[in-house]
1. Contact list please: Cβ distance under 6 Å, first residue in segment B:687-711 and at the interface with another protein chain (Cβ under 7 Å from one of its Cβ atoms) and over 11 Å from A:Val34 (Cβ atoms), second residue among the polar types (S, T, N, Q) and surrounded by fewer than 21 Cβ atoms within 10 Å (Cβ to Cβ), pairs at least six apart or on different chains.
2. Looking at segment A:190-202, which of the residues that are of a type in the set (A, V, I, L, M) and out of contact with any Pro (no Cβ under 6 Å at 6 or more places or on another chain) is surrounded by the fewest Cβ atoms within 10 Å (Cβ to Cβ)?
3. Any chance segment B:375-391 includes a residue that's modelled with pLDDT of 85 or more, crowded, with 17+ Cβ neighbours inside 10 Å and part of a strand (DSSP E or B)?
4. Which number in (1) in contact with a strand residue (DSSP E or B) (Cβ under 7 Å, 6 or more places away or on another chain); (2) surrounded by 22 or more Cβ atoms within 10 Å (Cβ to Cβ); (3) touching a residue at least 60 places away in the same chain (Cβ under 8 Å) marks the one condition that A:Ala179 misses?
5. Hey, can you tell me all the residues within segment B:615-645 that are modelled with pLDDT of 90 or more, more than 9 Å from chain A (Cβ to nearest Cβ) and under 18 Å from B:Val799 (Cβ atoms)?
6. Condition first: more than 21 Å from B:Leu698 (Cα to Cα) and touching a Pro at 6+ places or on another chain (Cβ under 9 Å). Now tell me which residues in segment B:744-771 satisfy that.
7. Here are some conditions: (1) over 24 Å from B:Pro124 (Cα atoms); (2) modelled with pLDDT of 90 or more; (3) surrounded by fewer than 15 Cβ atoms within 10 Å (Cβ to Cβ). B:Ala47 meets all but one. Which one does it not meet?
8. Anything in segment B:706-737 that is outside any helix (DSSP H, G or I) and under 18 Å from B:Leu760 (Cα atoms)? List them, or say none.
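The values are calculated or read from the model by the stated rules, or taken from the named source; none is laboratory data. Being a predicted model, the structure only gives us computed values, none of them experimental. Every residue, glycine among them, receives a Cβ derived from its backbone with ideal geometry; neighbour counts consider all protein chains shown.
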Amino acid sequence: MSTLTDTPSDLPAETAHDPAGSRRAARRTLPLRVEAVRQLRRRRTAAMGALVVLLPLIILIAFQVGGSPGGGRNQDALLTVATASGPNFAATCLFLSSGFFLVVPVALFFGDTVASEAGWSSLRYLLAAPVPRTRLLVSKLTVALGFSTVATVLVPLVALAAGTAAYGWGPLQLPTGGALPTGTAVVRLLTALGFILLSQLVTAALAFWLSTVTDAPLGAVGGALGLTILGNILGAITALGGVRDFLPTYWAYSWVDLLQTDPQWNGMAKGVSVSVSYALVLFALAFRHFRAKDVVS
Amino acid sequence: MGFSLLRPRRALFAGAAAAALLVGGGTWTAVAGHGPASVQRTDQVLALPEAPGSAATVKIDTSYFTSGSSDVRRPAVLLAHGFGGSKNDLTGEAQTLAREGYAVMTWSARGFGASGGDIGLNDPKAEVADVSGLIDWLAERPEVQLDAPGDPRVGVAGASYGGAVALLAAGYDKRVDAIAPEITYWNLSDALFPDGVFKKLWAGIFFTTGSTDQSAASSTSQSGPRITATDDATCGRFAPDLCAMYQRVAVSGKPDAAAEQLLAQRSPSAAATRIKVPTLLVQGQTDSLFPLDQADRAAAAIRANGAPVAVDWIAGGHDGGDMESSRIEQRTSAWFDRYLKRDTAADTGPAFRVSRSGGVDSTSGTVTLQGASADAYPGLEDSPEAVSLSGPPQTFANPPGGAPPAVSVVPGIGGLGQLSSLGVGLSVDFPGQSAEFSSQPLTRSLRITGSPTVRIHVRADSDDAVLFAKLYDVAPGTGGARVLPSQLVTPLRVTGARAGADVLVRLPAVDHQVAAGHRLELVLSSTDLAYASPAAPASYTVSLAGNDLSVPTDPVLSTAAAPLPWWVWALPLLALAIAAALLLTGRRRHWSGRPAADPELVLVPLRIQGLTKRYAGSADRYAVRDLSFQVEPGQVLGLLGPNGAGKTTTLRMLMGLIRPDEGEIRVFGQSVRPGAPVLSRVGAFVEGPGFLPHLSGLSNLELYWRATGRPDEEARLDEALAIAGLGDAVERAVRTYSQGMRQRLAIAQAMLGLPDLLILDEPLNGLDPPQIREMREVITGYAAGGRTVIVSSHLLAEVEQTCTHLVVMDHGQLAQAGPVADIVGSEDAVLVGTVLPLDADQLGKVAALPGVASAEQVADGLLVRLAGASAADLTADLVRLEIPVQSLGPHRRLEDAFLTLIGGAAR
């Protein structure tokens, strides 16, 4: 070992102000507020926000231009009562968007969050700041969860407002006949929202894990969306039988079970079970991978 | 699956039940089945007496199933098929029961399948006597358990037509020990002619099924008797007396006493007092052919005889819907386990069980069922609650010809009846043909379980009035849905109506929840599609005789939630375990643990010891190998080395970004690992800037500082911004910056908070000459304050001018370390200026001089490394060699020193 012992002897006093090492008063690193601001000012966040606000309005215009939707079969029956009231319109928008549309912001917010930092090279500066790796993931995960929740909530909220303006405030007419009083309807819609959020955890976790693996944000987001598409395709193959119960997307619409006089919980329980299970493992994979990863981006 | 009028009429009477029993199918081999145990099957046509005591015989096509050793005696089970079916419908269930340890016999009843004879509608002297013949045959089998010689231990099960023969066999043959009839009749006359009204749609289906050749349509593998010459197109295989009766009733639209008597004689009710065996009665809720009251009367009669009875109301029925076949098969099997095998541990289930809709599972599109059970069967008029009806006397018409008819049930329309429990109404009443009496909205929900009753007064302008009573569940609001529970109606014939008559109406037995706020509405109409009503026009006046509708309830019935599969709970727990395992294992040892701070090094900005990092996936290719050096406060250390020397890898390890394979880095005595707090004393600019492009330069710096979690006042933002020198551009988004601007901003970011150790990787790249000079001053000034700076650079001249100390790396290893002056002067090298470049010959001579290590032609002249000789000696020797020397001086340039140190290997 070589030692650079030729030290200037006239050390200015300034250096000695913290001789004990690193005991500076560091509060929590990467606070949620800071991470939220970092993400919030991004164009993709604004674009996604605009999209979720616009979607119900576009659907509303489509109904206004194209007239009230006609009859359909099975689940589509919800469309037949879409224009019955504000809550009906909100439920319809939720139905139309929960299968794929709402998956996009979730995949985006979770898939992009770490990978884009790696892409910008800002990740290494955050880590050297230093932000502990687990703390960084927790912050990013929490903020992505918050953004996804807001996006998911905005669709029915805007739809409820727009639908009430267009079709009036009233009970939720059920496609099978009968109606839910407004109070019950609102509670049911909130429950449906909660279920949709939980059922999207699997997409979120996959996107998040991929985000820690790749430096390409598009890869992480696309991978998570690909899972949804693949899940939907496999879910349509009835020959798979009971295997489909364990497809992460198979129960995506089971919240529709709430839109009947006696809500049915089994499908949602299964959906939450499957989604939460996949999510736990995938989130754990993300943390396990990232905490030991050599950051070379 | 139910059957539909739209489909070919096969297996009609068996209806959905037969379809359920078809599951599994059968094979036509001696050894059938591929389950855990093989099943022996024997097909045999038995010749049984045409009537008891007669010499003539009729051929009965049978199959006999056993499994396992024939040495063990076991109880026998007879499985009877539904109307229009054959023994083949039951092969699957028979094999299952055989595996469970029963000797199972199936047979095609007279007039069906490959059996001979006429359909006698379970004539005690024909079909029922056949069962006794089969029991005689079973008594001879060595593997069948006997209660007494000639008396085997035997149970009978079947659905619909087959269920009736089970009841009848128990009534007419004392050797039967237990029965499990499903969706069948107690009194066929009541079922087809309720209250003297002809149930024309169902009866029509019933008789046309028997009078067309079902076996031709439903079976291709059988070669039994075909339709004989005595059959004609209208009677088919029906016995002539039955055929004549049906034709008579169908034409008149009204049953006569002879018809009622004929059917009643052949019904289980005729043997009511003799059925004394344990009976499992399964009846369908969506069954307008054999409604729940048929099972109710059977239950009452058999219980009165002292035998155990259980009643199970399934969701489906002859009208369609979920037949719950697998559950019923299991329950039947348990019933026989208890009463044939006498296994007292067998769970025969609750005495009363009702399947209730738990709503639609939209993912699978099926109705979820929940079971409600009670320890006793309460009958159809238990725990009545009074609901007040009101309405004025109303007069309405019976339209001539009975058309258009009101619509309640359409036989075989599928599971639509079940939708009534979901709030879907399908019924049609025509105005002017009905009277309505409504209740107030219910203040609380009410579960109807049984037959509601109401007393009405009927007056007509004809002697004979036919009315159809139904009880609607009406949702609130205008246009609220009107639901007819299970789509069932009660027909009633009022004789002597011209004088006016009080009638007690027993509405259909249902299990239906009426929600709070809904109204109950009693409707009496003059027509119904499923029934024959008088063709002559008439006018009826109906009023309430007493205001109360008596609604039976069964508060004891308790609903169990629909069971969730086990994995709903197990899967998240399993996932949690996997997640915990993933997080708790796989921690890299090198980074876990926290070595204590080294108190001797608290003032040493950096000490690297034995640092080694291999390339990913390689065991012996090193990015950094056994690197050790130490940096003291106030130094400006130059980290030099060619590309690939491992400089950047070293700096990344220093920042905690990548993991060393071996060795240790200590910053101010603290060991470096990812996120180590001591890193807050290190500012770094490594491998280019990293900013959020959508934010301004200022926001980037501010947010970066806040991410460190340290107080804003420590940031020294103004000083950093002054170093960046971006002016107003600091407010613009970083994506608009030039490379140089980003570079300066990144260096400013590294200096935020004035860290004690500043690491700059190629800091002068992309800067113009004035900026380079400025940056040099910044670096020098920064260290002059007592802080430490590490600069890695390829601009050797800058390093020479800026740094106090040098670390030279090559191939991942330390080449040299020390003060700049030492390294530069570490070797006696002399640069000789010559007029002309030397040729190879002259070079060789110089190199061969004593005290000279090497001689090399470089761009500026001749580079000579001395090994003992002095510069004066060299000059003398060169002159002696006649080499024209223009100049001679010490070779002091760092670049040359650098090249010298790393030898030729870097090139």
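1. Pairs that qualify, where the first residue is at the interface with another protein chain (Cβ under 7 Å from one of its Cβ atoms) and over 11 Å from A:Val34 (Cβ atoms) and the partner is among the polar types (S, T, N, Q) and surrounded by fewer than 21 Cβ atoms within 10 Å (Cβ to Cβ), are B:Gly690/A:Ser121.
2. Taking the candidates together, the pick is A:Leu190.
3. Taking every residue of segment B:375-391 in turn, at least one turns out to be modelled with pLDDT of 85 or more, crowded, with 17+ Cβ neighbours inside 10 Å and part of a strand (DSSP E or B).
4. For A:Ala179, the failing item is (3).
5. Answer for segment B:615-645, where residues must be modelled with pLDDT of 90 or more, more than 9 Å from chain A (Cβ to nearest Cβ) and under 18 Å from B:Val799 (Cβ atoms): B:Val636, B:Gly638, B:Leu639.
6. Correct list: B:Asp756, B:Leu757.
7. That leaves (1) as the condition not met.
8. Correct list: B:Gly725 only.
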